[in-house]
Amino acid sequence: MVNAVLPLCRLLNEFADILLDDACAACGNLRQGGESQSCYCLRCEQQLTPIPRHRCQRCSAECGPWSAIDRDCVHCRGRRLRFSSTVSLGTYAGLLRREILAAKWSWSSARIQCLGQLLAAHSHDSISEWNPTLIVPIPQHWRKRLTRHFNPAERIAAELARRHRVRLDLHLLSRSRASRPQKRVAMTKRFENQQNSFQLRASEDVRGQRILLVDDVLTTGATCAAAAQILLGAGAQDCNVAVLGRVTDGTG
Ligand SMILES: [Zn+2]
Ligand SMILES: [Zn+2]
């Protein structure tokens, strides 16, 4: 039975990839000639990547126009985030939220790759400035591996690595114990839930590295903070974060 299902999945993947070739990955309308640089039509791309507003450099949360954003903002103040900065496409809401959800639950990884390419293009300046030497996706919780067809963080990280020509390590981090999925844990308990939840597979690879951690969304920052803690503890020089969407109060 499994032997029969796997080729069918591959066929569906390829069929979805062909369909996405000329159509906008979000609305399905045919893209015009000048729009071929991205998987999206111009209208959808503008909605997915709104003009950058006032965002916290540390956690990428949208803040009021008079808020201080060079350090910790009202959304991340007092949290031991460990990583230095975050870049995202925008706030996890509207079309971006719908696209991330559809991509994560899709049979095909084509949709998440499209979002990864968009993030790679729109975060180019920030990531170039950070000059990472290693890109590391957040590993998936084992419970999610039972229901998802791929780890979105890995696919996004692969697009960033390709665009920035930085080494990608899919296996550096692994989940060390059965911490509960963050979505099932109260916001106030999420840092506690993530403590010691990662293992490093090869600590000698980390010394002196400038690491870019990649995930699909950032909510409290507890997951990336736990990953950054173990990497910095093993001698990494710096950790920054790239995500598709930033979830803040009322946007999840
Ligand atoms: Zn569109
Ligand atoms: Zn912040």
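The values are calculated or read from the model by the stated rules, or taken from the named source; none is laboratory data. Because the structure is predicted, anything quoted here is derived from the model rather than measured. Every residue, glycine as well, gets a Cβ built from its backbone with ideal geometry; the counts of neighbours run over all protein chains shown. For accessibility, only protein heavy atoms count, side chains too; no ligands or nucleic acids. Shrake-Rupley method; radii C 1.70, N 1.55, O 1.52, S 1.80 Å.
Annotations for the structure displayed:
- Pairs with Cβ under 9 Å, 6+ apart, first in the stretch 197-215 and open to solvent by less than 10 Å² (accessible area, probe 1.4 Å), second in a strand (DSSP E or B) and at pLDDT below 95: SER197/ARG175; VAL206/LEU200; LEU213/LEU173
- Neighbours by Cβ (under 6 Å, 6+ apart or cross-chain): first from the stretch 90-104, touching a residue at least 24 places away in the same chain (Cβ under 8 Å) and hydrophobic (A, V, I, L, M, F, W, C); second open to solvent by less than 10 Å² (accessible area, probe 1.4 Å) and part of a helix (DSSP H, G or I): LEU95/LEU48; LEU96/LEU48; ALA103/ILE112; ALA103/LEU115
- Residue within the stretch 80-98 that is within 30 Å of THR147 (Cα to Cα), away from ligand 1 (no atom under 16 Å from the Cβ), in a helix (DSSP H, G or I) and open to solvent by 40 Å² or more (accessible area, probe 1.4 Å) present: no
- Test: residue in the stretch 61-80 that is more than 25 Å from CYS239 (Cβ to Cβ) and either small (Gly, Ala, Ser) or more than 16 Å from ligand 2 (Cβ to nearest atom) (or both): yes
- The lone criterion from (1) closer than 18 Å to GLY90 by Cα; (2) over 13 Å from the mean Cα position of the chain (by Cα) left unmet by ALA157 is number (2).
- Given (1) under 16 Å from ASP216 (Cα atoms); (2) in a loop (DSSP other than H, G, I, E, B); (3) in contact with an Asp or Glu (Cβ under 9 Å, 6 or more places away or on another chain), index of the condition SER106 fails: (3)
- Test: LEU48 is at pLDDT 65 or above, under 22 Å from the mean Cα position of the chain (by Cα), aliphatic (A, V, I, L, M) and open to solvent by less than 70 Å² (accessible area, probe 1.4 Å): yes
- Residue count for the stretch 99-118, restricted to those that are in contact with a Lys or Arg (Cβ under 9 Å, 6 or more places away or on another chain) and away from ligand 1 (no atom under 16 Å from the Cβ): 6
Yes/no per residue for (1) touching a His at 6+ places or on another chain (Cβ under 7 Å); (2) modelled with pLDDT of 90 or more:
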residue	(1), (2)
GLU14	no, no
LEU20	no, no
SER36	no, no
GLN57	no, yes
SER60	no, yes
ILE69	yes, no
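- Odd one out for ARG148 among (1) modelled with pLDDT under 90; (2) among the charged types (D, E, K, R); (3) within 17 Å of ALA227 (Cα to Cα): (3)
- Members of the stretch 159-169 that are open to solvent by 40 Å² or more (accessible area, probe 1.4 Å) and either within 16 Å of GLU129 (Cα to Cα) or assigned to a helix (DSSP H, G or I) (or both): ARG162, ARG163, ARG165
- The C-beta contact set for the stretch 116-144 (first residue open to solvent by 10 Å² or more (accessible area, probe 1.4 Å), second residue β-branched (Val, Ile, Thr), distance under 8 angstrom, 6+ apart or interchain) comprises HIS122/THR49; SER126/VAL87; PRO132/VAL166; PRO132/ILE211; THR133/VAL166; THR133/ILE211.
- Odd one out for GLY64, checked against (1) at pLDDT below 85; (2) open to solvent by 40 Å² or more (accessible area, probe 1.4 Å): (2)
- Some residue of the stretch 54-61 being open to solvent by 20 Å² or more (accessible area, probe 1.4 Å) and part of a strand (DSSP E or B): yes
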